[in-house]
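Taking it in order: structure first as structure tokens, then the write-up.
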Amino acid sequence: MSMVCLELLCGISIISQEGGSPDQESVGSGTKRSSVSSGSKSRNHKEFLYRLVDCETFTANLEDWFQSLYEKSAQMKPVFDVPFELIDLQKFDYALEGVSFQQLIRMPNAVYASTSDSAEATAYLAVEDFLHATVKGLWEAFWSQDEPMPFSVACLYKENLKFYQAENAIASGRLGSLCASGVLLKNPRHPHGKWDNLLELALLRPGIQSLVGESEQQPSLHVLGEALFYALRMLISRRLSRQNLPLSSNSAFVLLVDSQYGGVVKVEGDVNKMDFDVNNVYKCAAEWIQRHARIAVSPVDRIWNKLGNANWGDIGALQVTFATFYCIMQFAGLPKHSIEDLAADHGCRLQTRRLERQLGDTRVNGSGLFRFQQHGVSPEIVEVQDESVKLESESLKQEVGSVLWLEDSNWERGYHINQIRSNGELPYYIASPVEDPGKSLFLYVGSHPSQLEPAWEDMNLWYLVQRQTKVLTIMKQKGLSGKYLPQLSASGRIIHPGQCRRPSSGGNCDHPWCGTPILVTSPVGETVADMVSEGHFGVDEAIRCCHDCLSALSTASSEGIRHGDIRPENVICVRSGESRPYFVLIGWGHAILEDRDRPAMNLHFSSTFALQEGKLCSASDAESLVYMLYFACGGAFPDLDSVEGELQWRETSWSRRLIQQKLGDVSTVLKAFADYVDSLCGTPYPMDYDIWLRRFKRSIREEDHGKEIDASV
């Protein structure tokens, strides 16, 4: 690496030891309760941070290490990994399509070609405004539009390592003493900022653009060492802070920018592993970087155009914005709206744009090629295309070995059909993603929208696919997940072979598959109905099945969601990847989300209240679970064809304790559970899931059930 590059990237001298203390307040007056056991240890760590002020000495201790890394990097590969994968940046880009960013202070072009102090001052103001616009846009899009933004932006003064507004520092003649700009959590008690409130830091340095286009090129040790120095100070300050961050504080981001280009440096590691020797500060700090830190450096790319405006949608600004997003999460917790939620709107915006431009749908056809439909083509051409794709006689039923393509909000995904199953009424499939053949998923194909007549089969398909997609999406948005609940893997519309001729006014083309909804879930397992028919459902399975289903019902009921369709076809036993099998409650298409929803009607397994009133009471799902276990354990149902006959049989069976006795032959805890459910049926009293989860947990026969079962899920 040439000396010219080193000198350009070195830029401004960072810190001199003559500038006073580095803000002793920034590390807090107390200690972190979880990691510091004595006042002397805390004072030792504070003294360590107090003495860690000379960036050049710190960097000098890393020279040999950096040189060895550079020499070992084989075949011109980058020395460090990148902090973000391209696919994550692409998804983040989709999420930001509807987000407004506006930088008002323009970045002066080629600021360092001029000796004007005003140009350099404007550059610091522009960086501050860029950071402010980034944080404000992210906060309002992902966290809250109503709550005020809890962050501020300030510049770092190198003489005492305190923070000042750039305008104030420039007005007081301290422009030459500014060394960085940072995003901080607002703290009225500390107007000059606290280091443990620092989210991220941006170093404004010349020469960053010299790295553009050099994929193997990394920042020089002077620039990288400076970034590592400030990142380490951030991590140590958070380690000493009294505040409890919502998420892990073991990573810090430093941005490297000049008047046009920028990149990201991420440092991650546990500073508790550092040897806080106050007599050998820089050696200890350098050893921690070498032994315990994971360093990632992004490629350098353009952020500002020649007019000084930020290119928000380009890769340079995008990776800087993504780093800021992670920094906000560390201090504010998980966002109310996830990246996936906002990215899902991309498909709607894309469809709207196609309609605006009078374009047909752009899809992957059977040959894997992309085609456009233009509505002004001649009739002859239309006739030829119609011959090639007209499949009026084709059925929506898939064959084993075929590949079905799905269009979701962001991607096109292919699934290889491996098996055909049935839930007793409708077919569904076990499929594997084309890109991951070893993974198995459930795949459900719904009815074509134009075929949703009031027929029983079509309505059942609607509940199986469209309604279940809605329920699983709501459960995901509410954070309801667990081992015993199905997970939404993908949903969207089928991509049919050939060219799609969807009209510009919306709707679907005349292909029999066009617009057909698809749902993909995990995990995959054997239904209780199949286990019973094959004689694989025994005592252990009955107890575990009851526990696992209760756990799923408990999780869903915490958000007021009830299943409404518990039967042997809607409970699966999962064996892959587990030391012991477990059960998952599937088939949530009839779930009750609000009072107007109605449960499924099944003579054998619907609750008594559901058969009588068409609604669920608090114990209805548990009652259905009892009937399912009664059947699975060998209990016989009479051959009835009316609700009245079924209700009469139930009244007789419960009064004579026939159901309790049958379950008692299997397990005393199952018998006790049936008695408990019987006492609650038709009453407004809520189910006490916790007590029964604990009782079933104790009854599960395995050596280490404490690790296998988590009643809180």
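The values are calculated or read from the model by the stated rules, or taken from the named source; none is laboratory data. The structure presented is a predicted model; accordingly, all values stated were derived computationally and were not measured. Note that we place each Cβ from the backbone using ideal geometry, even for glycine, and neighbour counts take in every protein chain shown.
Here are a few things to note about the model shown:
- Boolean, residue 339 is in contact with a helix residue (DSSP H, G or I) (Cβ under 8 Å, 6 or more places away or on another chain), at pLDDT 70 or above and over 30 Å from residue 475 (Cα atoms): no
- When residues of the range 152-172 are limited to those that are in contact (Cβ under 8 Å) with a residue 40 or more places away in the chain and in a loop (DSSP other than H, G, I, E, B), the one nearest to the chain's Cα centre (by Cα): 161
- Enumeration of residues in the range 606-615 that are among the hydrophobic types (A, V, I, L, M, F, W, C) and either within 19 Å of residue 546 (Cβ to Cβ) or touching an Asp or Glu at 6+ places or on another chain (Cβ under 7 Å) (or both): 611
- Of all residues in the range 39-51, those being over 37 Å from the mean Cα position of the chain (by Cα) and either within 22 Å of residue 285 (Cβ to Cβ) or at pLDDT 85 or above (or both) number 8.
- Selection from the range 312-335 of residues that are of a type in the set (Gly, Ala, Ser) and modelled with pLDDT of 90 or more: 316, 317, 323
- Evaluation of residue 585 against the conditions (1) at pLDDT below 95; (2) farther than 23 Å from residue 668 by Cα shows that the sole unmet condition is (1).
- Cross-chain or 6+ apart pairs with Cβ under 6 Å, the range 48-61 first and among the basic types (Lys, Arg), then buried (at least 17 other Cβ atoms within 10 Å of the Cβ) and part of a helix (DSSP H, G or I): 51/281
- Residue match in the range 571-582 (condition: outside the structural domain of residue 481 (by TED's automatic domain parsing), under 20 Å from residue 470 (Cα atoms), among the β-branched types (Val, Ile, Thr) and in contact with a strand residue (DSSP E or B) (Cβ under 7 Å, 6 or more places away or on another chain)): yes
- Within the range 280-330, considering residues that are of a type in the set (A, V, I, L, M) and in a loop (DSSP other than H, G, I, E, B), the one surrounded by the fewest Cβ atoms within 10 Å (Cβ to Cβ): 307
Let's see how each residue does on (1) more than 29 Å from residue 493 (Cβ to Cβ); (2) surrounded by fewer than 22 Cβ atoms within 10 Å (Cβ to Cβ); (3) assigned by TED's automatic domain parsing to the domain that holds residue 443:
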residue	(1), (2), (3)
509	no, yes, yes
538	yes, yes, no
548	yes, no, no
552	no, no, no
559	no, yes, no
565	no, no, no
